Amino acid sequence: MKGLTHFISGVAVATFFREAVDMSHQESSFILTLGGIFGILPDTIDFKFAQFFEKYDYKVDPDPENPDVQQIADTLARAINEAHESGKPKSILFMTIKKGADLWRQYKMYFDIENSKVVVTMGPIVNTSKKPFPGSELPGKQQAEAKLNCRLCKQVYDKETYVDIMSGPSFQFVPQKDGAVKIDFLSWHRRWSHSLTMGIFLGFLGWLLMGLWVGFSKSLVYGLVITGGFWAHVLEDQLGYMGSNLFWPFTKNKTVGTKSMHSGDAWPNFTTVWLSLVLIFYNLNRFAAEPFTDASFLVYFSYAFIIPLCVLNILDRLLNRWDEQIMTKDVSHQSEVLKEKEESFA
């Protein structure tokens, strides 16, 4: 999920502790914000630090003017084959093809697990929103494939990976005991930084450090807020495809996620933020000296979350259907104009 989603979720978890809410109100404590900070900490560790210490055996940096799609496919296959032959993990980084201040040439990789090969396709030029520019494709055949000397494990993440804007993706190919090779997408991401045990350790550390300042009995809530915010992030990420190494250092591999969503999907992020805000206001109300409402949780939750979400979902579906109808009319109109031009030339 997005950083804002994780931050708000961490704050929501913190409001479940009455002592934290009281400290925030009576002492102007930052403790609720602390839950949000540790809610985004796992991704901060990975994207601001861990990825820059990762070493790669191969780096693919295509020529912006004349990208060689076959060379990309061959390099990808070579990394996988070498991992299989050497019995050691091999990693590869794919660089983006920058064409301007807001322009990139997109290309994609497909892992054909059934036929033991990789396929690379050079695509159009896109902007930062990943919107392609019509007619920007390179001339000629812009697809290449390369055979593999081994079998690939069933892909946990998407079989198809796009390389377009900002920084490119990376893979680590890990040989398995049965002779197959496992594909680990962004291997530096969600390792020790996304473990439940790390959340416990940070909570203990927070309790210890704050205990030296405010006393160990009072600092316990700091430890609980830190662990709770951290755990909220880890468990939310388990709803996706990549999963996390939940019990590092006792485990080495990532636990596969539920594959319910992608991290950038709009509705899951929006729904989680809304749910977090609903829970925050509910907890602040029930722990207040003078609550502004005495409604039961079921009534409050229905009016504040379930009913509005259902209405918005219906509106979203209607708007999407309306957009589809407009796009269909536009395409039909463009086809008619093109047909008229062809007839005039004839």
Here are some pairs, 90/182; 90/252; 130/159; 98/182; which of them have Cα atoms lying more than 21 Å apart in this structure?
-> 98/182
Under 5 Å, built H, 5+ apart or other chain: amide partners of residue 99 | 104, 105
With the convex hull built on the Cα atoms of the stretch 172-257, state its orientation-averaged projected area in nm².
-> 6.2 nm²
Helical mean residue ellipticity (222 nm; -39500 (n - 2.57) per DSSP H run of 4+; nearest 500) of the chain | -16000 deg cm²/dmol
Compactness summary of the stretch 75-207: radius of gyration and Dmax from Cα atoms, Å, are 18.1, 63
Over the stretch 2-131, with every protein chain in place, what whole percent of the accessible area is carbon and sulfur at 1.4 Å, could you tell me?
-> 53 percent
In square nanometres, what is one fourth of the surface area of the convex hull spanned by the alpha carbons of the stretch 1-96?
-> 9.8 nm²
Taking 242-248, 33-39, 291-297, 22-28 and ranking on average Cβ neighbours within 10 Å, highest first, one gets 33-39, 242-248, 22-28, 291-297
Hydropathy first: keep DSSP H helices in the chain averaging at least -1.0 on Kyte-Doolittle, then drop any whose Cα extent along the axis falls short of 27 Å, and list what survives.
-> 216-237, 266-286, 307-345
List the pair-distance distribution P(r) of the chain, using every Cα-Cα distance, as the percent of pairs falling in each 10 Å bin from 0 up to the bin containing the longest distance, rounded to whole percents.
-> 5, 18, 24, 22, 17, 10, 3, 1, 0
Could you provide, to the nearest whole Å², the per residue accessible area of the chain with probe 1.4 Å?
-> 57 Å²
Of 4-17, 163-176, ordering from highest average Cβ density within 10 Å down gives 4-17, 163-176
Most to least accessible of 303, 157 (protein chains only, probe 1.4 Å) | 303, 157
Would you mind getting me the FRET efficiency between residue 95 and residue 321? Use the beta-carbon distance for r and R0 = 35 Å, nearest 0.05.
-> 0.30
Please give the contour-minus-distance gain from residue 153 to residue 212: 0.36 nm per residue of separation, less the Cα-Cα distance, rounded to one decimal in nm.
-> 16.2 nm
Placing each pseudo-label 7 Å from Cα in the direction of the beta carbon, residue 177 and residue 288 end up separated by a distance in nanometres of 5.9 nm
Kindly state, as a whole number, the per residue volume in cubic angstrom of the convex hull around the alpha carbon atoms of the stretch 96-164.
-> 98 Å³
So which trypsin sites (Lys or Arg not before Pro) in the stretch 96-190 end up in coil per DSSP with only 16 or fewer other C-beta atoms within 10 Å?
-> 130, 141, 151, 154, 159, 177
If you average the sequence gap of Cα pairs under 8 Å that are 6 or more apart and divide by the length of the chain, what percent do you get for the contact order?
-> 19 percent
Determine the order of 310, 150 by accessible area, beginning with the largest, at a probe radius of 1.4 Å.
-> 310, 150
R0 = 51 Å: FRET efficiency of residue 309 with residue 86, Cβ-based, nearest 0.05?
-> 0.50
Considering the zone a paramagnetic label at residue 265 would reach in this model (a point 7 Å from Cα along the Cα-to-Cβ line), which residues of the stretch 1-18 have amide N under 14 Å from it?
-> 1-2
When a/c is below 1.5 the answer is rounded, else prolate if a/b is larger than b/c, else oblate, so apply that to the stretch 157-212 with a ≥ b ≥ c taken from the square roots of the Cα gyration tensor eigenvalues.
-> oblate
Based on the mean of other beta carbon atoms within 10 Å per residue, what is the order of 208-219, 41-52, 225-236, most packed first?
-> 225-236, 41-52, 208-219
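The values are calculated or read from the model by the stated rules, or taken from the named source; none is laboratory data. Quantities reported herein were computed from a predicted structural model and do not represent experimental measurements. For neighbour counting, all protein chains shown are included, and Cβ atoms are generated from backbone atoms with ideal geometry for every residue, glycine included. Note: areas computed on protein heavy atoms with side chains; ligands, DNA, RNA excluded. Shrake-Rupley method; radii C 1.70, N 1.55, O 1.52, S 1.80 Å.
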